[in-house]
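Student: First the structure, which I've put down as structure tokens, then a few questions once you've had a look.
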Amino acid sequence: MKRINYKNYSKINELKKMNKIDDQFVFYIETLTLEDIITIKLETTMRNINFKFFNFPLWKSMHRIISEALINSVFNLAKNNTEASRILGLDAKQYRNYLSDFGYEIKTWEK
């Protein structure tokens with residue numbers, strides 16, 4: 001089982017410190033929808049492999065890919081289990097079940 005490490009920090013600030021993004025980039029991202037961002041990421045990935053994205057079950061895999069992204073994001077944003085489940089709009093049992101599906105285990109639950 002994987003261990004959960006809540007960080008409670010800003011990924012934006014981390015990327016700025018690494019000089020990967022700047023304020024202008026953040027502004028551009030704010031004006032895009034999540035669908036736009038996913039489309040851009042898929043297009044750039046496909047360009048890098050010369051549009052040979054054959055035999056990859058993209059449609060069937062997207063739910064898992066997005067769910068993992070949400071769980072990883074909530075680990076960065078939340079302070080604890082309760083806050084993480086609230087951010088995702090899940091109750092404690094649903095959150096625990098989703099984490100279990102992704103190989104994580106909650107040993108304690110704070111009140």
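Since every read-out is calculated from the coordinates, none of them should be taken as a lab result. Remember, it's a predicted structure, so these values are computed and weren't measured experimentally. Note that each Cβ is placed from the backbone with ideal geometry, even for glycine, and that neighbours are counted across all protein chains shown.
Student: For labels at Phe54 and Ala92 in the simple 7 Å Cα→Cβ model, what's the distance in nm?
Tutor: So the two model labels end up 5.2 nm from each other.
Student: What relative contact order, as a whole-number percentage, does the chain give when Cα pairs under 8 Å and 6 or more residues apart are counted?
Tutor: Once normalised by length, the contact order is 44 percent.
Student: Expressed as a whole percent, how much of the Cα-Cα distance distribution for the chain exceeds 19 Å?
Tutor: Of the Cα pairs, 58 percent sit more than 19 Å apart.
Student: Using only Cα atoms, tell me the angle between helix 92-101 and the longest principal axis of the chain; keep it within 0 to 90° and round to the nearest 10.
Tutor: 50
Student: Suppose only helical runs count, i.e. DSSP H with n ≥ 4. What mean residue ellipticity at 222 nm does that imply for the chain under -39500 (n - 2.57) per run, divided by all residues and rounded to the nearest 500 deg cm²/dmol?
Tutor: The helix-only estimate for the chain comes to -19000 deg cm²/dmol at 222 nm.
Student: Let me ask something else about it. Using Cα atoms only, what is the angle between the long axis of helix 58-77 and the major principal axis of the chain, expressed in degrees (0 to 90) to the nearest 10?
Tutor: 60
Student: In debye to the nearest 20, how big a dipole does the chain give about its Cα centre with +1 on each Lys and Arg Cβ and -1 on each Asp and Glu Cβ?
Tutor: 460
Student: Continuing with this model, one more query. Only sites in a loop by DSSP and with at most 14 other Cβ atoms within 10 Å count here; which chymotrypsin sites (Phe, Trp or Tyr not before Pro) in the range 11-65 make the cut?
Tutor: In loop regions of the range 11-65 (DSSP not H, G, I, E or B), the sparsely surrounded chymotrypsin sites (Phe, Trp or Tyr not before Pro) are Phe51, Phe53, Phe54.
Student: Which of the trypsin sites (Lys or Arg not before Pro) found in the range 1-52 are loop residues per DSSP with 16 or fewer other Cβ atoms within 10 Å of their Cβ?
Tutor: Taking the range 1-52 and a limit of 16 other Cβ atoms within 10 Å, the loop trypsin sites (Lys or Arg not before Pro) found are Arg3, Lys7, Lys20, Lys52.
Student: Could you pull out every one of the lysines with an alpha carbon less than 28 Å from that of Lys52, ignoring same-chain neighbours closer than 8 positions?
Tutor: Lys20, Lys41, Lys60
Student: Right, here's the next one. For Leu42 and Phe102, FRET efficiency with R0 = 22 Å and r from the beta-carbon atoms, rounded to 0.05?
Tutor: Once the sixth-power term is evaluated, E becomes 0.50.
Student: Give the long-range amide H neighbours of Tyr104: residues separated by 5 or more places, or on another chain, with amide H under 5 Å away, using H modelled in the peptide plane at 1.01 Å from N.
Tutor: Placed amide hydrogens put Lys2 under 5 Å from Tyr104.
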